[in-house]
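One structure is given here, and the rest of the page talks about it.
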Amino acid sequence: MENRTVILANGEFPKRGGAAWKLLAAATRVVCCDGAADAYRRRLGKWPAAVVGDFDSAVGIRPCRGVEVVHFTDQDTNDLEKAIVFCAMRGWKNPTIVGATGKREDHALGNVFRALDYSCEIVTDTGRFVPVCGTVTFKVAKSTAVSIFAPDPRTRMTSKGLEWPLDGVKFKNLYCATLNRATGSRVTLTATRPVSVYLEG
């Protein structure tokens, strides 16, 4: 965790003491999306390594020593995607995203699938969205809620440790593999194409 890069999106700020808050507080490097920098400064009393966006929602952003302010004028992508691309440009691999949900549901949905496009994990106050392609095993508590979102209908999956196995499921829609749960302490998933896996807790 010491070397983790965290992107703070401008959704609902993580609740104090929760998993997303702890991740943000312990991060070596924080990149804020636009107005999220104001909240980060107020809540944690720190400056981020960088602030990235089109600056349509930032209030108190001022260039200062040690903070890189990066203005993207492109309106075809949102600020989260700009921040992910910025991290890649700097060689900061596998950033974890917090603050990507809450406030507006349309932004939350867009952020989940943008994160999937770039193979980034989102941590929220209630769980996490993990990109999966290939085989991954998760350690979980029994009865943990597990939902899979497969944007590509050609996706084929197999599973071990789920109450309703995914073997042979045809993904006729985005949400047909949601609302599942773990039967034990491990869940193993194999996906032929990228999917977003939501794990409660």
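Computed quantities for the displayed model
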| read-out | value |
| --- | --- |
| Single match in Tyr198, Tyr175 (criterion: hydroxyl-bearing (Ser, Thr, Tyr), assigned to a loop (DSSP other than H, G, I, E, B) and either modelled with pLDDT under 95 or surrounded by 19 or more Cβ atoms within 10 Å (Cβ to Cβ) (or both)) | Tyr175 |
| Some residue of region 49-71 being modelled with pLDDT of 85 or more and in a loop (DSSP other than H, G, I, E, B) | yes |
| Complete set of residues in region 1-40 that are in a loop (DSSP other than H, G, I, E, B), under 17 Å from the mean Cα position of the chain (by Cα) and closer than 23 Å to Leu199 by Cα | Met1, Arg4, Ala9, Asn10, Gly11, Glu12, Phe13, Pro14, Lys15, Gly18, Ala27 |
| Condition check for Thr126: among the hydroxyl-bearing types (Ser, Thr, Tyr), closer than 24 Å to Ile7 by Cα, surrounded by fewer than 18 Cβ atoms within 10 Å (Cβ to Cβ) and touching a residue at least 60 places away in the same chain (Cβ under 8 Å) | yes |
| Of all residues making up region 137-176, the number that are touching a strand residue (DSSP E or B) at 6+ places or on another chain (Cβ under 7 Å) and closer than 23 Å to Ile84 by Cα | 4 |
| Residue satisfying all of: in region 130-165; among the aromatic types (Phe, Trp, Tyr) and part of a strand (DSSP E or B); surrounded by the most Cβ atoms within 10 Å (Cβ to Cβ) among these | Phe149 |
| Number of the condition not met by Thr96 [criteria: (1) outside the structural domain of Ser196 (by TED's automatic domain parsing); (2) over 25 Å from Ser185 (Cβ atoms); (3) at pLDDT 95 or above; (4) not basic (Lys, Arg)] | (2) |
| Neighbours by Cβ (under 8 Å, 6+ apart or cross-chain): first from region 179-194, at positive phi; second part of a strand (DSSP E or B) | Leu179/Ala145; Leu179/Ser147 |
| Test: residue in region 132-143 that is within 24 Å of Phe13 (Cα to Cα) and β-branched (Val, Ile, Thr) | no |
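The values are calculated or read from the model by the stated rules, or taken from the named source; none is laboratory data. In this text the structure is predicted, and so the values were computed from the model without any measurement. Here Cβ is always computed from backbone atoms with ideal geometry, including for glycine, and neighbour counts include all displayed protein chains.
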